[in-house]
1. Among what's in the stretch 32-42 and is within 11 Å of the ligand (Cβ to nearest atom) and in a strand (DSSP E or B), pick the residue that is nearest to Val8 (Cα to Cα).
2. Please find, among Lys16, Lys45, the residue that is at pLDDT 90 or above, within 14 Å of the ligand (Cβ to nearest atom) and touching a His at 6+ places or on another chain (Cβ under 8 Å).
3. Might you let me know whether the stretch 45-53 holds any residue that is outside any strand (DSSP E or B) and either under 11 Å from the mean Cα position of the chain (by Cα) or of a type outside the set (A, V, I, L, M) (or both)?
4. Is it fair to say Tyr11 is under 10 Å from the mean Cα position of the chain (by Cα), crowded, with 16+ Cβ neighbours inside 10 Å and away from the ligand (no atom under 16 Å from the Cβ)?
5. If you go through the stretch 24-31 one residue at a time, do you hit one that is part of a strand (DSSP E or B), of a type outside the set (Asp, Glu) and touching a Cys at 6+ places or on another chain (Cβ under 8 Å)?
Amino acid sequence: MAKKKNPVEVYQLICKDCGGRNYAARLKKEHKNLELTKYCPSERKHTPHKAKKA
Ligand SMILES: [Zn+2]
């Protein structure tokens, strides 16, 4: 019996400060509420980014 892989979906990491879509990430569904501190090029500083489905 073939075993299915964990589904991985493409998410965009959106800056919570300015709403800029700065990064794309492949995440498993269980990580859909992930928050990461990433560099925002438009603000030129590190800000919290929220994963949102592309
Ligand atoms: Zn920003």
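1. Lys38
2. Lys16
3. no
4. On the way: under 10 Å from the mean Cα position of the chain (by Cα): yes; crowded, with 16+ Cβ neighbours inside 10 Å: yes; away from the ligand (no atom under 16 Å from the Cβ): yes.
It is true that Tyr11 is under 10 Å from the mean Cα position of the chain (by Cα), crowded, with 16+ Cβ neighbours inside 10 Å and away from the ligand (no atom under 16 Å from the Cβ).
5. So the first thing to find is which residues in the stretch 24-31 are part of a strand (DSSP E or B), and the list is 24-28.
Going one step further and asking which of them are of a type outside the set (Asp, Glu), we end up with 24-28.
In the following step, the residues that additionally are touching a Cys at 6+ places or on another chain (Cβ under 8 Å) were identified as none.
Taking every residue of the stretch 24-31 in turn, none turns out to be part of a strand (DSSP E or B), of a type outside the set (Asp, Glu) and touching a Cys at 6+ places or on another chain (Cβ under 8 Å).
The values are calculated or read from the model by the stated rules, or taken from the named source; none is laboratory data. Since the model is a prediction, treat every value here as computed from it, not as a measurement. Every residue, glycine among them, receives a Cβ derived from its backbone with ideal geometry; neighbour counts consider all protein chains shown.
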